[in-house]
1. List, in the order given, every pair from Lys250/Lys276; Lys143/Lys280; Lys208/Lys276; Lys126/Lys205; Lys143/Lys180; Lys155/Lys194 whose Cα-Cα distance in the structure shown is over 21 Å.
2. Aspartates and glutamates near Lys231 by alpha-carbon distance under 14 Å, same-chain residues fewer than 8 away left out - which ones?
3. Please work out whether the stretch 33-197 counts as rounded, prolate or oblate from its C-alpha gyration tensor, where a ≥ b ≥ c are the square roots of the eigenvalues and a/c under 1.5 means rounded, while otherwise a/b larger than b/c means prolate and anything else oblate?
4. For Lys155 and Asn132, FRET efficiency with R0 = 22 Å and r from the beta-carbon atoms, rounded to 0.05?
5. If you take the charge dipole of the stretch 200-307 about its Cα centre, with +1 on Lys and Arg Cβ and -1 on Asp and Glu Cβ, which of Asn229, Asn210, Gln270 is farthest toward its positive end?
6. Would you mind calculating the relative contact order of the stretch 200-307 from Cα pairs under 8 angstrom and at least 6 residues apart, reporting the percent as a whole number?
7. Which chymotrypsin sites (Phe, Trp or Tyr not before Pro) from the stretch 200-293 combine a DSSP loop assignment with at most 15 other Cβ atoms within 10 Å?
8. Just how far, in whole angstrom, is the stretch 41-94 from the stretch 269-296 if you go by their alpha carbon centroids?
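No lab work stands behind these numbers, since they all come straight from the coordinates. Note that the coordinates shown come from a computational prediction; the quantities given were computed from them, not determined experimentally. With ideal geometry, Cβ positions are generated from the backbone for all residues, glycine too; neighbour counts draw on all protein chains shown.
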Amino acid sequence: MKKPLRNSMIFFVLVVFMMTAAIPQVFAQRKDIIASLQRISGQVSVKQVRTRKTIRGRNGLLLRTGDTVVTARRARTTIMFRNGSEIRLFPRSEFQVKATERKGKKRTFRFSLFSKVGAFWGRFVKRRQVANIRTPTATIGIKGTVLRVVDRDGKARVALTEGLIDVSNDRETVELRPGKRLTEFTSSDTLADKIQDIPLQLDMKSQKRNLEFLNKQTEEVFVTIQLVNIKTGRIINRSGPVYLRSNYDKITYPAEAVLNERGFLRVLVQFARPGKSDAKLNGNVFLWAVMDQEDADDVSEGRLKFTIPVPAGADKFRIPSDTGEVKRER
């Protein structure tokens, strides 16, 4: 009877040792997780740097630094980074993600992203990262930005709607400001000659903007989206898919939305009542509409603001203008 007991004890000690030894490895593996895949449509694959295998993408799949995301024809996906920045990858694109996290008084991320081929729309959280994006044709320095990039067959296009970016090719570097775009250019073109205004915008409207959640009920709102010329206000007859996103996680809207031939779209948006964790929004909820396709660098995204009650008894938050970081007030 003593021998089986002794063997069991040895086995137990070995299991505990193996589990303890594995803990640092698990945490080491998780440290390089920088993003996840969200809102996939169509066939998306991921070339994993750790396993050297290519796997099928799925919603919620974690991405490690060095992984490459590939979208097939008609496929799209969102790459959501840990700091809240995001990339919307369009069909027939290949995008490599790399980032390191800096910890200190202010946690920041350093992104080094490579768009090998294709197109994307991106939003980078202001003042919380240092980033650059490389393509075969250009290098783009990010300064808290909303932008759109296309690079195929040795030619690139870049459009900026928020923030500032530096765009460089083999010839020169230019600073691009909001509302401007670089039309099709090569690695040797004079970039200053390629700067133009972004002519079109998604105009968003709703008859109801102040949400009260009476009797704790969900608020339902119809939002209209119309493609218009920014300078003249003239309606543009052009169809295309629209990507909807919000800073409020208790919102529901169609997974797929499309402008009709008259450049018009009407969607039902539902808002569940806020909780204490939503106090950081300071009563401000935004809904954005982005053209969800490659050939839309001539269209600025639309934005619509709603107000919601700040939950009673919740902590108050403020956003200092010098940092842009949300801070709790005591």
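1. Violating the 21 Å Cα-Cα cut-off are Lys143/Lys280; Lys208/Lys276; Lys126/Lys205.
2. Lys231 reaches Asp197, Asp203, Asp298.
3. oblate
4. 0.65
5. Going by the charge dipole, the pick is Asn210.
6. Details: 225 pairs, mean separation 36.1, N = 108.
Once divided by the residue count of the stretch 200-307, the mean separation gives 33 percent.
7. Phe213
8. For the stretch 269-296 versus the stretch 41-94, the Cα centre distance is 23 Å.
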